[in-house]
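> Quick one: the structure is below, questions incoming.
Please treat every number below as a calculation from the coordinates, not as lab data. Here the structure is a predicted model, which is why all the values come from computation and not from measurement.
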């Protein structure tokens, strides 16, 4: 994905506004910390505090017969619980 944006004034600082498509694609939220890395032809932004988003296949790859959680019997419903067998 390639985007173009402008550098704007924000108080005494300069700021780069992130296009919504990029924000959505990277699941960026307000307040997230970023690292700026100066490179030969510009700079790169990384998000060190963002946890990796695993796919379902990646998550299920770690399930083995030894660590799988089986159904648990919580007993009969009590009070006003809605129970659908």
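> How high is the relative contact order of the range 7-61? Use alpha-carbon pairs under 8 Å, at least six apart in sequence, and give a whole percent.
The normalised contact order for the range 7-61 reaches 19 percent.
> Can you give me the Rg/Rh ratio for the range 7-61, using Cα atoms for both radii and the Kirkwood formula for Rh?
1.07
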